[in-house]
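Derivation of every value follows stated rules applied to the coordinates shown; laboratory data play no part. Because the structure is a prediction, the values reported are computed rather than measured. Heads up, the Cβs are rebuilt from the backbone with ideal geometry, glycines too, and the neighbour counts pull from every protein chain shown.
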Amino acid sequence: MTLIFLGLFILLLGLIVVASLKKANKLIKVAIHILGGIVGLWLVDLLLSVFTLEIPINVFTVGLVALLGFPGVIVLAVLQIIGI
């Protein structure tokens, strides 16, 4: 699973480079938003594992952060810390 998220992270970096070198169309912007949320979920989950907290990564959470982007990841992390 980590290799999948690592591959998505590399794809995200590539899209950011492409978007910065030329004018990005809406498809690239949407892909960056979606991948930013998914990769952000993985990174925040890794950081929370240091404190023995965990965000359950399932289809619902991946779909939610794909729609909400990285702010959705922050909200999920806060809810997990609070215990909801």
**Request:** For region 14-32 and region 48-84, write down the distance between their C-alpha centroids in whole Å.
**Result:** 25
**Prompt:** Relative contact order for region 1-55 using alpha-carbon pairs under 8 Å, separation at least 6, rounded to a whole percent?
**Reply:** 34
**Item:** Additional length obtainable on full extension of the chain from Ile4 to Val59, 0.36 nm per residue less Cα span
**Value:** 18.4 nm
**Prompt:** If you rank Ser20, Ser49 by fewest surrounding Cβ atoms within 10 Å, what's the result?
**Reply:** Ser20, Ser49
**Item:** Reported label for calculated Cα Rg over 2.2 N^0.38 Å given [x] 1.18; [y] 1.09; [z] 1.14
**Value:** [z]
**Prompt:** If you stretched the chain out fully between Ile74 and Leu27, how much longer would it get, using 0.36 nm times the residue separation minus the C-alpha to C-alpha distance?
**Reply:** 14.5 nm
